[in-house]
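Structure, as structure tokens:
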Amino acid sequence: MASQDWFDKDFYKVLGVAKDVSDTDLKKTYRKLARTYHPDSTQGDPAAEAKFKEISEAYSVLSDKEQRAEYDQIRAMGSGNARFTAGGQGAGGFEDVFSAFNQGARGGAGARGADFDDIFAMFNQQTGRSGRFGSGGFGRSTGGFQGFGGPQRGADVTARTTLDFATAVRGDTVTLQGEDGKPFKVKVPAGVADGQKIRLRGRGRPSPDGGEAGDIVVSVTVRPHPVFTRDGLNLRVVVPVTFTEAALGATIEVPTLGGDPVKLRVAPGTPSGRVLRVKGRGVSTAKGTGDLLAEVQVAVPAHLDEDARAALERFAELEPKENPRADLMNKART
């Protein structure tokens, strides 16, 4: 998404809900839309796939209490000067809040201070901080201005970036622009998770009295993938198989993230929901490497020609006369 997504993207409108929508109604609406636009339901329709990604991102923000509150506050500011800018391939957008600070700096010390206070007041609400120089303000006071025996630490700056799923799994180096207008690089580690924070030490506001500078704390949002999901270091994928493949057994191809497909053996009599494991094809980090977990899902044909229907009817006459729901019914009675 473009770099101005949190200022310019109306997630409520994307999901078709009111700003005061409850968590329960939000979830119901998202599930209905996800079923409608999921790639499994739309059979490769690019417009539907784009819509699915759009509603998934909107729900990932609005379903998180803290992110929703911060999103509402950022949207209330409008699409003015307060944005981060970002570069770097595959890194998504990064809001350029620093542009407002640069304008303040050009207008002199008074204007600069006013811009900082206005912009950072919103971020401080998210961290429970208050006051510019008091304890718990833009940088917890260790003295200096307050007279506690040491220089005051500079303020932390809170920011956010959005990564696509593959970039988050493999890691990347992202170029950002600081408040002085100079670009600097940030290494995003492989396997970064949605909601994870990356701390860039010394990149925040300078100390007002010669102490250490604050940090930039980058919150990472990861866009959902249309096929894969994360399960710790494992990747999960749902793989449809035909009834005959599940009943008789087959060798099938399974996609991998960013690599060639792998072949898996489906044993005869495999039921829906069985998970097949591909070692070492999950998320690789310094802590280890996960696996690819392929969940088999038996696909029922929606249309049968006359020959296929006749063959199935003949099979129905020959199949074992066992009720697959008998055990379920017995357990329900206990």
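For the set LYS13/LYS51; LYS9/LYS185; LYS65/LYS287; LYS51/LYS197; LYS32/LYS197; LYS27/LYS51, the pairs lying more than 21 angstrom apart at their alpha carbons are LYS9/LYS185; LYS65/LYS287; LYS51/LYS197; LYS32/LYS197. When peptides 259-266, 285-292 are sorted by average Cβ neighbour count within 10 Å, with the highest value leading, the order is 285-292, 259-266. The calculated FRET efficiency for the pair ASP260 and ASP209, based on their C-beta separation and a Förster distance of 51 Å, comes to about 0.30. Modelled spin-label separation between ASP307 and THR285, with each label point placed 7 Å from Cα along the Cα-to-Cβ direction: 5.3 nm.
Once you have a ≥ b ≥ c as the square roots of the Cα gyration tensor eigenvalues for region 190-334, tell me rounded if a/c is under 1.5, and otherwise prolate or oblate according to whether a/b is larger than b/c. The shape class here is prolate.
For every other residue with a beta carbon closer than 11 angstrom to the beta carbon of PRO151, add +1 if it is Lys or Arg and -1 if Asp or Glu, then tell me the sum.
It works out to a net charge of -1.
Between the alpha-carbon centres of region 213-277 and region 20-57 there is a gap of 20 Å.
Rule-based calculations on the coordinates, nothing more; no lab input. What you see is a predicted model, and the numbers here were worked out from it, not measured in a lab. Methodologically, a virtual Cβ is constructed for each residue, glycine included, from the backbone with ideal geometry; neighbour enumeration extends over all protein chains shown.
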